Amino acid sequence: MVRYAALKGLYDLEKTIGCGGFAKVKLATHIATGEKVAIKIMEKSALGDDLPRVKLEIEAMKTLLHKHVCRLYQVIETESHYFMVIEYCSGGELFDHIVEKNRLSETESRKFFRQIVSAVAYLHSLGYAHRDLKPENVLLDRDQNLKLIDFGLCAKPKGGMQNHLYTSCGSPTYAAPELILGKKYLGSQVDIWSMGVLLYALLCGFLPFDDNSIENLYKKILNGKYDEPSWLSQSSQRLIRAMLQTDPSKRINIQELCYHPWITTGFLNPVMFTKKTNFEKDEEVLSTMSAFCGDFEEDLWRQMVQSNRTEYKTATYLLLLDRKRRGQSLRISTFTKSQFKQESVVKEIPRYKGGVHNFLTKLEQSPGIRINNSANPETAYALISKTPDNDKADANNFMEPQLPGRKRLRSMDVDDTSSPTPSKKPNTRSKQVVTLTPSIISNSSTKTPEVRTRQSTTTPGSARKVILGLERGLNRVRCVLTPKRSTKSEIVGREEPTVLSGKGLCNVSSTSSKCPKYVLSRLRRALQHKGIVCRQKGYILQGETEFIGTELKKDSARPFSSRNACSFELEVCILKDVMSENPLVGIRRKRLKGDAWVYRRVCEEVLALAAEDISIEQENNAESKCLI
Ligand code: 6BB
């Protein structure tokens, strides 16, 4: 694993959750608070012409403070890297939530869509256009609230949002006609179009404009014609039509959207937001930090405001603020005391050549290792009145300062399952529950020709039932099972398949076969049949579809991504269900890179093809062929 000196003592890095272009996103623990964060890591040497875009992304995320925009806690710039420490969203992508449910009800769609409208109205009010709005860029937090991510393509037109932009970028399926035509366009108007596609995807479970050929996809978008499935209410249809107007001047604008009857139904009030850009001053959090690091509250506050999200202290303050909002105790690990001291000593903030604060300069002055200062009389114990709770906290090197006369928040977090122990081994196998059923698109009236063919001709009903029926069964039992993976599962290229149960059963389709090797061979055959190159590691097949998309590159911005490129993993595993005695053989899927909808379609097709074979095996009662 790559170790980054700049993060040492501050963040414990865990697994990679996203990777693309020049950036990767890793899960991490903020050591001082024990809170989970996401860290976007960008290597400067790989940025090239994209450097101004990264700077804009950082500037935007520093400015934007909204409940439904993923919060930036800290930026660390070193000579070689940028590290953006961002809010953790344990619920994963909205995209997976849609796939899991096939499509969302109007009520749930409205709840989510109001949050998106609120975030986008806020961005626009501050002069920013997102330009890459899609369900993959909307994450869910632990409370099922949406958070917008990826401001890597955002724009802040000089002179305000009424000024035109010229760069074609974003994802083709969400791109407005004026973008495809390469015309000048207004950022606010292309965002509204993408939101129309997004709302359609929420309510329908598929895209309004879709095609394997990028040329046909563009034709469909320019034509502006899409199917309106029968389950869409009149009001939903009207709103989608207002957003998917090919003529941008006729498209609904963000103010009208906030007040649209579909948006206000059941809520009475329109979507609203406050235009703030400064985080609030919370005396309790400040005094907790002041008690911990010995700085005066006012000095601390000034440092945090002036340093503009470059300090570890600011990240700690913001994470403690989040804990307080959730009703959790304010605690700081004594392990990090030396880091805070270091920041207090450096009064003049050193600046890196490029103008962004250089955190490494300070780290080079520090010992660079985590020191347990709990024995120091100035530190933890002088500030904490000893209680059984505090003893417990000390065991984890966390302190919960208690100042005289100050009301203390709950001392123990009943619902706090994240480990506050910095040294504790992270859970490297957390997954989201996603059910990918071959039937998703069969309900739709907007099937692509290819999908229609597969369903009507290539996949016999029995084969589809083999996967589909069992998946439904899995949905039922998923919640009551205990998460458990066999220890062998961590071994790469293992000889035995991974055993999954409970929470591990997400993104998993069950099969009717009892023989993992047989399923593996059928999967390999299906991938081969589809012309997908794959690599095998034990029971894992890694497939990659080729890049055949057209790229529209203008200026220095990221072009439309190649439409058909995606890489993914299919793993044959054993499904253990406490409700039934017999284990099943399942297929777990995971998107590694590329377009989410392409991934979904490829998986559907490969699984359907493999299911055909498996159902034949079942009919022939061919379990005895298990030694293939
Ligand atoms: C972020 C995140 C924040 O993720 C691949 C790209 C925040 C991701 C997260 C999660 C799942 C589980 C736990 C945490 C800012 N920018 C990008 C981010 C990008 C990846 C999202 C998932 N798909 N929390 N999480 F997504």
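The values are calculated or read from the model by the stated rules, or taken from the named source; none is laboratory data. None of the values given here were measured: they were computed from a predicted structure. Neighbour counts run over all protein chains shown; Cβ positions are idealised from the backbone, glycine included. These accessible areas exclude ligands, DNA and RNA; they are computed on the full protein's heavy atoms, side chains included. Shrake-Rupley method; radii C 1.70, N 1.55, O 1.52, S 1.80 Å.
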Checklist outcome for this item: Here the residues within segment 170-212 that are touching a strand residue (DSSP E or B) at 6+ places or on another chain (Cβ under 9 Å), part of a loop (DSSP other than H, G, I, E, B) and open to solvent by less than 10 Å² (accessible area, probe 1.4 Å) are 176
Checklist entry - Failed condition for residue 47, given (1) touching a residue at least 12 places away in the same chain (Cβ under 8 Å); (2) under 30 Å from residue 507 (Cα atoms), with all others met? => result (2)
Checklist entry - Under the condition of being over 19 Å from the mean Cα position of the chain (by Cα) and in a helix (DSSP H, G or I), which residue from segment 124-136 is farthest from residue 169 (Cα to Cα)? => result 125
Checklist entry - Taking segment 236-259 only, how many residues are farther than 22 Å from residue 162 by Cβ and either among the polar types (S, T, N, Q) or open to solvent by 20 Å² or more (accessible area, probe 1.4 Å) (or both)? => result 4
Checklist entry - residue 125 passes all but one of (1) in contact (Cβ under 8 Å) with a residue 60 or more places away in the chain; (2) out of contact with any Gly (no Cβ under 6 Å at 6 or more places or on another chain); (3) within 16 Å of the ligand (Cβ to nearest atom); which number fails? => result (3)
Item to check | Single condition residue 219 does not satisfy, out of (1) open to solvent by 40 Å² or more (accessible area, probe 1.4 Å); (2) outside any helix (DSSP H, G or I) | outcome: (2)
Next on the checklist: Condition first: crowded, with 18+ Cβ neighbours inside 10 Å, among the small types (Gly, Ala, Ser) and over 19 Å from the mean Cα position of the chain (by Cα). Now tell me which residues in segment 1-59 satisfy that.
Outcome noted: 6, 9, 32, 34
Next on the checklist: Condition first: within 30 Å of residue 158 (Cα to Cα) and within 29 Å of the chain's Cα centre (by Cα). Can you find one or more residues in segment 203-215 that meet it?
Outcome noted: no
Checklist entry - (1) at negative phi; (2) open to solvent by less than 40 Å² (accessible area, probe 1.4 Å): which one isn't true of residue 224, the others all being true? => result (1)
Item to check | Only listed residue being buried (at least 18 other Cβ atoms within 10 Å of the Cβ) and modelled with pLDDT of 50 or more, chosen from 362, 337, 324 | outcome: 337
Next on the checklist: Kindly evaluate residue 113 against the criterion of being surrounded by 23 or more Cβ atoms within 10 Å (Cβ to Cβ), out of contact with any Gly (no Cβ under 7 Å at 6 or more places or on another chain) and closer than 20 Å to residue 173 by Cβ.
Outcome noted: yes
Next on the checklist: Quick check on my filter: what residues within segment 146-169 are away from the ligand (no atom under 16 Å from the Cβ), of a type outside the set (Ser, Thr, Tyr) and open to solvent by less than 10 Å² (accessible area, probe 1.4 Å)?
Outcome noted: 155, 169
Item to check | Tally, over segment 593-618, of residues that are within 28 Å of the chain's Cα centre (by Cα) and among the β-branched types (Val, Ile, Thr) | outcome: 3
Checklist entry - When you look at residue 134, is it in contact with a Phe, Trp or Tyr (Cβ under 7 Å, 6 or more places away or on another chain), within 13 Å of the ligand (Cβ to nearest atom) and not acidic (Asp, Glu), yes or no? => result yes
Next on the checklist: Can you list residue pairs whose Cβ atoms sit under 6 Å apart, with the first residue in segment 229-243 being over 14 Å from residue 103 (Cα atoms) and the second being part of a loop (DSSP other than H, G, I, E, B)? Count only pairs 6 or more apart in sequence or on different chains.
Outcome noted: 237/228; 239/260; 242/252; 243/252
